[in-house]
Amino acid sequence: MAQRFRISSAFRESPIGFGTSLNHFDADIIVIGAGPAGSAAAIAAARAGTSVMLLDRQAFPRDKPCGDLIGARAMRLARGLGIDERDLERWNRLNGVLVTADSGHLPLRPHTVVGRMALSRTDARIVPRTIFDDAMRRTALRAGATFQQAHVRTVSPWDGEGRSINAQIDGKLVTFRAPVTIVAGGYGCRVTGDLMALPAARETERPRGIAMRGYFSNVTAPAREIVFSLDSWVLPGYGWLFPLPDGRANVGIGTLVHPDESRSEHLHTLYQRYVNDPASPIASWMHAATPDAPPRTWPLDLGPRARRVAADGLLVAGESAALVGPMTGAGIAFALESGQQAGRTAAAAVKGDDPSQASLDEYATWVQRHPLAWLRAESRAHWLVSDHARLARTIALTRPLPFTPTLGARFLLHLG
């Protein structure tokens, strides 16, 4: 294997455009995508002593359409990766959840001292992705990774030593090369030809999701409580109202869509009804609200879904691997967790001079045992609440139980 080398820190935020050859590596590990999964991978790999180049087609900070819920799992992972606490301190820690349904509201907030103590370690917040993603990227830079704005077009086949990454920088074609590439480019990232999904017949087994969200001012909802709406007209999807400081909120709706069915108009109708209809479950908080900007739409590759996540010199993490919760479309915790594991596995393979699939399959095994197990459990929970009759029975059975407010809040605040 060609000798590894470390890129000078002088290049960490500077445009670069190395020419490459088959006996030269621009970094030990190249990570495609600087969102939560890519940044976590870069942090873990850099801390393990390897040189890491982080590529993303967008300049940061950048917006990412999302509900912005950074759940307790994601917060714990972000802190473990070293996120700067100053990037989190402005955003309120959540202390409850309100579920709305045809059968009435179900408040999930502790009412006793014991319940509040049990929830006290559940730190979940609403942090705009403009803030959170850039904070994670800067954490990767502090860990020693370099960052380059580049639009990756393709990743070459494995040649026995590494792969080449073909990208555009300021309109010019540039090629980078590394023993291991980690793909973390999000939904629809298809830069490799050998890690495609399984055949179409298998891919249609599960519908995909689509969501729309907008930011609003003058929202009168409680500042530390999120709203999930599971009313019959949004099932099997859901609506949300997530509070931000100063009377602002992230408000949106998500639903399911099959690949052969266009639902964009239907989604827009659902969204407008949710934010504007006087009969909407959130109408009492939205009567004086004004939109800050037009709403944005994004697709969701809901898991669990069959994916290959490891090959010779290649790993896939986060949303690119369909690690997205089927219940709420949440994927940040899965992104951080899988990115960190991918970075560790890649670093160990490079340092052991064996970036072949046999060395990287440890990551694929981990994905099966951890995030996919969680996704399968979440899928069963989603089945329970995605039907109006089942949901009504679930609420009727759980509402009288004394531990429902605390356990329900804890469960939902861990999903993001």
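Just a few scattered comments:
- Some residue of region 281-291 being outside the structural domain of W233 (by TED's automatic domain parsing), part of a loop (DSSP other than H, G, I, E, B) and not acidic (D, E): no
- Residue check for D301: out of contact with any helix residue (DSSP H, G or I) (no Cβ under 9 Å at 6 or more places or on another chain) and acidic (D, E): no
- Counted residues, region 384-416 - those being free of Cβ contacts under 8 Å to residues at least 60 places away in the same chain, closer than 18 Å to D102 by Cβ and buried (at least 16 other Cβ atoms within 10 Å of the Cβ): 1
- Selection status of G252, more than 30 Å from P157 (Cα to Cα) and either surrounded by fewer than 20 Cβ atoms within 10 Å (Cβ to Cβ) or in contact (Cβ under 8 Å) with a residue 60 or more places away in the chain (or both): yes
- Per the listing A381, A321, the residue uniquely over 16 Å from the mean Cα position of the chain (by Cα), surrounded by 15 or more Cβ atoms within 10 Å (Cβ to Cβ), modelled with pLDDT under 95 and at negative phi is A381.
- Here G171, G162, G188 are screened, and the one residue that is crowded, with 20+ Cβ neighbours inside 10 Å and assigned by TED's automatic domain parsing to the domain that holds I29 is G162.
- Options F216, F242; residue that is out of contact with any Leu (no Cβ under 7 Å at 6 or more places or on another chain) and assigned to a strand (DSSP E or B): F216
- Selection of first residues in region 25-39 that are touching a residue at least 60 places away in the same chain (Cβ under 8 Å) and of second residues that are part of a loop (DSSP other than H, G, I, E, B) and among the basic types (K, R), restricted to Cβ pairs under 7 Å at least 6 apart or on distinct chains, gives the following pairs, ordered by first then second residue: F25/R4; D28/R4; G35/K64.
- Condition met for R129 (in contact (Cβ under 8 Å) with a residue 60 or more places away in the chain, within 19 Å of A46 (Cα to Cα) and charged (D, E, K, R)): no
- When region 150-159 is limited to residues that are surrounded by fewer than 17 Cβ atoms within 10 Å (Cβ to Cβ) and either assigned to a strand (DSSP E or B) or aromatic (F, W, Y) (or both), the one that is modelled with the highest pLDDT turns out to be H151.
The values are calculated or read from the model by the stated rules, or taken from the named source; none is laboratory data. These numbers were taken from a predicted model, which means no experiment stands behind them. Cβ coordinates were reconstructed from backbone atoms using ideal geometry, including for glycine residues, and neighbour counts include every protein chain displayed.
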